[in-house]
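Please read the structure below before turning to the comments.
The values are calculated or read from the model by the stated rules, or taken from the named source; none is laboratory data. Please read all numbers here as calculations on a predicted model, not as lab measurements. Positions of Cβ are backbone-derived with ideal geometry, glycine not excepted, and every protein chain shown enters the neighbour counts. Surface areas here come from the heavy atoms of the whole protein model, side chains and all, with no ligands, DNA or RNA. Shrake-Rupley method; radii C 1.70, N 1.55, O 1.52, S 1.80 Å.
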Amino acid sequence: MMEKIAKLIEQAQSDIAASNTLAQINAVKVKYLGKSGELTQLLRGMKDLAPEDRPAAGKFVNQARDEITELTDKKSKELAQAETDEKMLKESIDITLDGNAVERGSLHPCTLVANEIVEIFTSMGFSIAQGPEIELDKFCFQMLNIPPDHPARDMQDTFYITDEALLRTHTSSVQARAMLKSKPPIRIVCPGKVYRPDDDATHSPMFQQIEGLVVDEKVTLCDLKGLLETFAQKLFDQKTKVRFRPSFFPFTEPSVEVDVTCSVCHGKGCRICKGTGWIEILGAGIVNPKVLENCGIDSKKYKGLAFGLGIERTTMIKYGIPDMRILFENDVRFLKEFK
Amino acid sequence: MKVSLSWLKDFVDIDVTVEELADKLVGAGFEVEEIIRAGADMKNVVLGKIVKLEKHPDADKLQICQIDVGKAACVQIVTGAQNVSEGDLVPVALDNSLLPTGQEIKKGKLRGVLSEGMLCSGEELKLTEEDYQGAGVYGILLMNKEEFPLGTDINVVLGNDDVVLDIGVTANRSDCNSVLGIAREVATILKKPLKMPDISFAVDKSAKVEDVIDVDVQSPDLCPRYMAAAVKDVKIQPSAEIIQKRLKSVGLRPINNIVDITNYVLIEIGQPMHAFDREFIQGKIIPRRAKHGEKIVALDEKEYTLDDTMLVIADECKPCAIGGVMGGLNSGINTNTETIVFESAKFLRDNIRRTSRKLNLRSDSSFRYERGIDLDSQRLGLMRALNLIDKYGYGKIADGIIDRLAQELKESVVVTSVEEINAILGIDVPDKEILQILNSLQIKSELKDGTLTCISPAFRDDIENANDLAEEVIRLYGYDKVVSTLLDGGNQTLGGKTREQRNNDIIKEICVNQGMSEILTYSFTTPKLFDTLRIDSSDSRRNCIKLLKPLGEDLSVMRTTLAYSMISTLASNNLKSNKKARLFEIANVYMPRGDIEEQLPEEVGMLALGVYGSGEDFYSIKGIVENILKKFAIDAQNVRAQSNYLHKGRSADIKVGNVTIGYLGELHPDVLQAFDVSDRMYIAELNIDLLNKYADYSYNFKAISNYPPIERDIAVVVDEDVAAGDLLACVRKGGGSLLVDASIFDIYRNETIIGAKKKSIAINLVFRLADRTLTDDEVNSKINRILTKLSSEYSAILR
């Protein structure tokens, strides 16, 4: 009996090894474990044994069945796996072909830069103020300490609609409206379109500015520097430094032009910064107390700081665009560069 | 403002290089736009003496010269010129030299003989007879400059070696539109004393100014000060060389000694001057308002018609000058002038600006008056002019000066404190430094018991408050000393965007996700667009804001629609062979609301969409619009549009109730043709302000059903002109709340099977309940109801 079982196992092992398909292994299963399988036959033959031999023989047969079952199951799994693998291999595709996604469009580079700037300031507690593009002389000039026939009017040529109505030449007009409307503390940025009659490689008759204004009890020139340094470091990179140069704007006193270290050469001097290591990016200053008073704010109690920058110019610096007119051509090939 | 270094040095010792000086000026608020070195275009041309001259052995017209250029050996030069002889002093362009004509000279052989350079003519040095006597002669320039050693650079010999700084003077510093003004700043920066110009002169006691001229200021409001002096026995001649040279260095053309002196004083002191020929003044000089329509021919030989807002300097019969702007041709200096009257006046800043703009006439003089001239500089200017007359012996100065002063000379005082100045700056500048800086700027400053009292000189009328003083302090103390702080003393603010501001971002994001690129176009446009787009004459968009002086006709009105710029942009991309484009723009349009000064135009936020290219059709742009409307939960209907620039059969107005919030559609073939485009194009415009108004943010959660749906498909045949959207609305009504979804999945046309002018519409219906499973009977009864409704309303027949 024992011999028979051992032989049977040996035989089953070789049958399993010889099976190459799921059908063959199933046939092996039936051959040994099926109702009329060889192992089942052996079990039936147990009744011919002496009763005292039966338990040992039974144990032996059961062990043999477990062993054969385990072997066939293992083989089945292997063969099923191989079959799936082969099927998938047949379904193999070219994975380098383009995906099926809807092609993404693009924001205008000026919007990307404006968004970035607005984001930097809103994260510092600034809100966004907006005002009309068609503006009154009063808000665009007079309240900002630029009376009629003042020489400072020469600083910006203006598109007039009537003697009093004009296209705003700067977003500073929003300052005046904001101060009239709300009480300090004020922290606003005012992005928007502005207009001046210039048209060449570095000027467009319509362009965008962002004006910033802080009015509070304690505001200093040092705060202005810190604010603009933080801004420049976020917009360009962490190593960016800021430099003030004295200048003149009627609505700020002191007034400064603000240079940042060239983001290309980091101050060593290159073609972009014309060898100086610095790039002028904005004008700023301490709000002239006359402007605060014009706008109904007590200049004894409050001080202000203000800054303004051109979005197009900043965009040109940030992306190395040589001619402002490219920004207004709207060639879809150019637009799609900015994802 | 151009200033020559040698001129500056008359007033202040400059012991730094030009570059250092330029840096320091920039640091103090004076942008140096350019450093112009005279003679930079001529190199290696020196003074030489011809020591030997012989004929060229192989050429009749050439001569071989041996020239002493101050070195051990002579240089040999072959020349074709015939006007040279031994002993002549000539300009010699040596080997590797550069001429102002751009010509480079190198040594070479002429007919076999070595020539180590070239002898130069006046023309080759770009000199005219005016620059150098003899320069106009044909041939080599013969020079008479024995005082210079041989080998001296010709630039030095010609006095062409000055350096000119072109300085940007800001509008608040009118006092610096002069050599003296800049010198004053340089003196402060370099901590050197300022030497004032020489204003001494001798007078001819026998002649009294009163006997020569009288002045009667009739409009003191426009002319607060008028000073005059007279010079007799004037000999009109070219100016002294140094005056000519300096005027030329700053770009002014020398004319004659008297006119040159007025210009010299203008540049040096900043005070505009005028010289009248006494002979042509009848009676008194009368500064008065012009009569309306009064005419004058100015020195530019053009006639100007004046009005009573303008100031003229008249005599008893006629206007002789447009005050502060330009002299009259009738009383100007000419070669026969014998007696002159110098005018040195202060005219009102704003009035000169207005006059100059009205007449469209600008001059160096009007420029300075527009910037502002202080009440002190008339005397200085006049005295300096007389000093120059005396110094060069151009005439006899009559005794006395006429001074008609209508305004009080007032001191301007600012009272503040060191603490206030430092509170503006944010750093602690020591008391001593503040006092030193202000006083060095001639702002008399005193600190007593914490009070800082500052008295500004007349030329600093820009100093009005503590902020002005703070600026003076920091620009000289150094902006590099400003440290960075971050609003340390600031109060808390909330910040962030409003919902409407965020909505703009959201719309842009939806557009970008739909493959659209954002464009940026001008707010001003052409008034022709309304005809190009065939917009109705009654359309409110035709009423637009016009600019008074636009850059051109096609940028002359403020747009009332974004359609035109969108179509233009699509067309320009198409013309550049870009096969497809999906574009959008968010911008304002400007709708007038009556009198613009009473009420500014309404600025309405608009979204424009535009697409073309293969695969694009009416439905692709409609899909984008629907996605946006869905985001804001706006329930809008599309009705056929009546727009003349859209395709009649493929366009729709987008309506919320009765309000049109936008439109979309294919462009009219004629419009496409007007833009020279053959591809079909699709645009849409949405009013964002209305979008914000109708946006519904109040969404409440609805539980989803856990019970299975029952799906059924039906197909009905209807007339061709039945709109699928209407049919679907009818289906939804019939289905009631059980019908959770209905969508069209096929439209089929076939004359033989379906019939002519008919279509079969296949609709997928989904029924579902939230609280239990539906029965077939329930669904069937709903479908019957739907079919009955479709049949009665659209004569629909079930296929």
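A few notes on this one:
- Using only Cα coordinates, the Kirkwood hydrodynamic radius of the stretch A:95-253 works out to 17.9 Å.
- Here the alpha carbons of the stretch B:196-243 define both size measures, Rg and Dmax, at 15.1, 40 Å.
- Antiparallel DSSP beta bridges within the protein assembly as shown, as percent of all bridges there, nearest 5: 95
- D_trans [Stokes-Einstein, Kirkwood Rh over alpha-carbon pairs] for the stretch A:161-264, 25 °C, 0.890 mPa s, µm² s⁻¹: 155
- Rg and Dmax [Cα atoms of the stretch B:204-405; Å; Rg one decimal, Dmax integer]: 15.5, 44
- The mean sequence distance of close C-alpha pairs (under 8 Å, at least 6 residues apart), as a share of the length of the stretch A:239-339, puts its relative contact order at 19 percent.
- When the alpha carbon gyration tensor of the stretch A:241-283 is reduced to an equivalent ellipsoid, its three semi-axes come out at 24, 8, 7 angstrom, largest first.
- Here's how it looks for B:Phe11: its modeled amide H is under 5 Å from none belonging to a residue 5 or more places away or on a different chain.
- Average projection, convex hull of the Cα set of the stretch A:2-90: 5.7 square nanometres.
- One Cα centroid belongs to the stretch B:777-799, the other to the stretch B:214-284; the line between them spans 102 Å.
- Counting all C-alpha pairs of chain A, share separated by more than 24 Å (%): 68
- Estimated distance in nm for a label pair at B:Val26 and B:Val51, the labels positioned 7 Å out from Cα along Cα-to-Cβ: 4.8
- Taking 0.36 nm per residue of sequence separation and removing the Cα-Cα distance, the B:Ile36/B:Gln599 pair yields an extension gain of 197.5 nm.
- Computed E for B:Leu551/B:Thr309 - FRET, C-beta separation, R0 22 angstrom, nearest 0.05: 0.15
- Dipole magnitude of chain B about its Cα centre (Cβ charges: Lys, Arg +1; Asp, Glu -1), debye to nearest 20: 2440
- In degrees, nearest ten, helix A:109-122 long axis to first principal axis of chain A (Cα): 80
- Sites B:Lys693 and A:Lys183, calculated FRET efficiency, Cβ-Cβ separation with R0 30 Å, nearest 0.05: 0.55
- Structure note, pairs B:Lys528/B:Lys622; B:Lys733/B:Lys782; B:Lys192/B:Lys481; B:Lys191/B:Lys432; A:Lys181/A:Lys218: Cα-Cα distances above 18 angstrom occur for B:Lys528/B:Lys622; B:Lys192/B:Lys481; A:Lys181/A:Lys218.
- Chain B, relative contact order in percent, only Cα pairs under 8 angstrom and at least six apart counted: 8
- Convex hull volume of the protein assembly as shown per residue (C-alpha atoms, cubic angstrom): 371
- In this structure the amide hydrogen of B:Ser417, modeled in the peptide plane, comes within under 5 Å of the amide hydrogens of B:Leu452, none closer than 5 places in sequence on its chain.
- Between B:Lys733 and B:Arg534, the FRET efficiency from the beta-carbon distance, with R0 = 25 Å, is close to 0.05.
- Taken over the stretch B:313-402, the alpha-carbon convex hull comes to 128 cubic angstrom per residue.
- With both residues required to sit in chain B, DSSP beta bridges show an antiparallel share near 95%.
- Compactness of the stretch B:412-477 as Cα Rg over 2.2 N^0.38 Å, two decimals: 0.96
- For the stretch B:364-422, the C-alpha radius of gyration divided by 2.2 N^0.38 Å, with N the number of residues, is 1.75.
- The shape of the stretch B:375-512 comes out prolate: with a ≥ b ≥ c from the C-alpha gyration tensor, a/c is at least 1.5 and a/b beats b/c.
- Members of B:Lys291/B:Lys396; B:Lys49/B:Lys106; B:Lys508/B:Lys655; B:Lys55/B:Lys107; B:Lys43/B:Lys145; A:Lys274/B:Lys195 lying beyond 26 Å, as alpha-carbon distances in this model show: B:Lys291/B:Lys396; A:Lys274/B:Lys195
- For the stretch B:80-191, the Kirkwood hydrodynamic radius from C-alpha pairs, put into Stokes-Einstein at 20 °C and a viscosity of 1.002 mPa s, yields a diffusion coefficient of 124 µm² per second.
- Alpha-carbon spread of chain B, three principal axes, descending order, Å: 128, 87, 61
- For the stretch B:43-157, the solvent-accessible area works out to 53 Å² per residue, with a probe of 1.4 Å and every protein chain left in place.
- Check: the protein assembly as shown dipole with +1 on Lys, Arg Cβ and -1 on Asp, Glu Cβ, in debye: 3040
- Counted over the stretch B:679-799 with a bin width of 5 Å, the fraction of Cα pairs per bin, in whole percents, is 2, 9, 17, 15, 13, 13, 12, 11, 5, 2, 0.
- Linear extension gain, B:Asp216 paired with B:Gln407, 0.36 nm per residue minus alpha-carbon span: 67.2 nm
- Angle between chain A longest axis and helix A:221-235 axis [Cα atoms, degrees, rounded to 10]: 40
- Estimated buried accessible area (total), pair B and A, 1.4 Å, Å² to nearest 100: 7300
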